[in-house]
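Asks: Take a look at the following structure, please.
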Amino acid sequence: MDIKIKNKILSCAIFSGMVFILALIYAINPASGKSPFPPCVIYKLTGLFCAGCGATRALHEVLHFRFYEAFMLNPLFIILLPLITYIIISYLVNLFFSKKILPKIKVNAACGYGAVFVIIFYSLLRYFFGF
């Protein structure tokens, strides 16, 4: 099978899976007691919110156009959501068309260290100040 066809099938499969997951998050409130979404392991073990706690609930609120509520659940996730969305869309578009249509965001070691620092700092803010 041609590599271009494989890329198109892969990008369509990834896109379909993401649409399914987004539809599930839209339809089922993660804050409800009967949520199929897994709970945060860090919160279950320590009782402390991690940097990702509330991201699924925040995404549910964004999909319902309740941006203030989403921001209150996880500000870091909401701030990074446009960047995350662009990275995913550019990856899928470039994979589907087998060429660079959208520019990739270049990430080096400094970006990785910066991301780790921001996540740890945000986790500490959540722990000490209840963000």
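Asks: Which numbered condition trips up I25, out of (1) surrounded by 17 or more Cβ atoms within 10 Å (Cβ to Cβ); (2) modelled with pLDDT of 90 or more; (3) closer than 24 Å to F129 by Cα?
Replies: (3)
Asks: Let me ask something additional. For the range 1-57, how many residues meet the condition of being under 22 Å from L81 (Cα atoms) and either assigned to a loop (DSSP other than H, G, I, E, B) or touching a residue at least 24 places away in the same chain (Cβ under 8 Å) (or both)?
Replies: Number of matching residues: 24.
Asks: Here's something else I'd like to know. Scan the range 96-118 for residues that are at pLDDT 90 or above and β-branched (V, I, T) and jot them down.
Replies: V116, V118
Asks: May I pose another question? Residue check, M18 against (1) surrounded by fewer than 12 Cβ atoms within 10 Å (Cβ to Cβ); (2) farther than 26 Å from S123 by Cβ; (3) among the aliphatic types (A, V, I, L, M); (4) within 12 Å of the chain's Cα centre (by Cα), all met but one. Which one?
Replies: (1)
Asks: Also, quick follow-up: If you check Y86, Y91, Y68, which single one turns out to be modelled with pLDDT under 90 and either touching a His at 6+ places or on another chain (Cβ under 8 Å) or closer than 29 Å to Y122 by Cα (or both)? Can you show your working first?
Replies: Working: Y86 fails: modelled with pLDDT under 90; Y68 fails: modelled with pLDDT under 90.
On inspection, the qualifying residue turns out to be Y91.
The values are calculated or read from the model by the stated rules, or taken from the named source; none is laboratory data. A quick note: this is a predicted structure, and the numbers were derived from the prediction, not measured. We place every Cβ from the backbone using ideal geometry, glycine too, and count neighbours over all the protein chains shown.
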